[in-house]
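Heads up, the thing below is written out as structure tokens.
Each value in this text was obtained by applying a stated rule to the coordinates, not by laboratory testing. Predicted model only: the values in this text are computed from it and were never measured. Here the Cβ is made from the backbone with ideal geometry for all residues, glycine too, and neighbour counts use every protein chain on show.
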């Protein structure tokens, strides 16, 4: 098949959407499909287009500032031009708006098929933003196929659109890459880890991911004994300010809290995961975080909220520990209770988590679900 993936995030950009887009494009190309990626970039000069092959994928980057309708019209011209030259079988919008809208509209306009991947904030927040809601609803109603990374998002999209053919298309993780390893002694020394409990968070820490709950949980655990907190992936602007304020209020925490900026190298990221005694993901709402799947594949114990797609992959007491997003003020208490379970019990749950994601969230399964929707399988309207 000839596939055009439209996305706002693609490496070297960071974040879960960039990771998943790259993973899907790579899997499709490895399976022999012709893959183009149209990356809408707010950090490029408006309307500037850069194109070139990256591995087996042809990537087109175009500068689009948020709310710039003229730039989006240019993107429409680019889609039409690419389709005239390539003849795409599917336009895949990887995020509901604007990529999904562009895919759904131009697929109908050009006489081909569309798939829209719903990731999380595109519905969770987009449905409450007046300027976005009309695009959200039109896209959900007119896309040929809709895939959602969580069962909760499937239900929300069915309610918003009135259609029943919305499908669950969860994220995947390569458990041959993300794997348990002995702690790296040199990396441990660089953080001063010696007899410390290590709490970890991986990803961009921001409000919806529970910034203040992570910090407060760390403070409470540290009161009970030596503890380090690794924040791997950095923080967004407002959350950096919140961290600075928190450390001014609690200066005794400063030497035991380590912020590691986003790690592109997967082997380096895996070494960081394998230092963590407990991986935290206290999201207020979420899609299906790649970091939770990666931690589970590395056989690290996970304590997460039961928000969104997290409860699709973590079974409390079996493959990790869950806390209600309405009770995140108890996260510190939950950490202490988890650590009191003992090393053997945490290892048992972590091993079960790795077994689960290795069996149920393989990249090949993600590829099969998507290509079925591409071809108009169960998600074909009226099919």
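General observations
- Length gained when the stretch residue 133-residue 337 is fully extended (0.36 nm per residue, less Cα-Cα span): 69.3 nm
- Peptides 126-132, 8-14, 58-64 ordered by average Cβ neighbours within 10 Å, highest first: 58-64, 8-14, 126-132
- Least to most buried among 324, 114, 161 (fewest other Cβ within 10 Å first): 324, 161, 114
- Helix 343-360 vs. the chain, principal-axis angle (Cα, 0 to 90°, nearest 10): 10 degrees
- By the count of other C-beta atoms within 10 Å, a proxy for reagent exposure, 219, 125 are ordered fewest to most as 125, 219.
- The Cα atoms of the chain give a gyration tensor whose axes a ≥ b ≥ c have a/c of 1.5 or more with a/b greater than b/c, which makes the shape prolate.
- The order of the peptides 203-215, 269-281 by mean Cβ neighbours within 10 Å, most packed first, is 269-281, 203-215.
- Between segment 186-203 and segment 99-145, the Cα center-to-center distance that results, in Å: 42 Å
- For the pair residue 110 and residue 362 in one chain, pulling the backbone fully straight at 0.36 nm per residue adds 87.4 nm over the alpha carbon distance.
- Between segment 57-87 and segment 314-331, the Cα center-to-center distance that results, in Å: 42 Å
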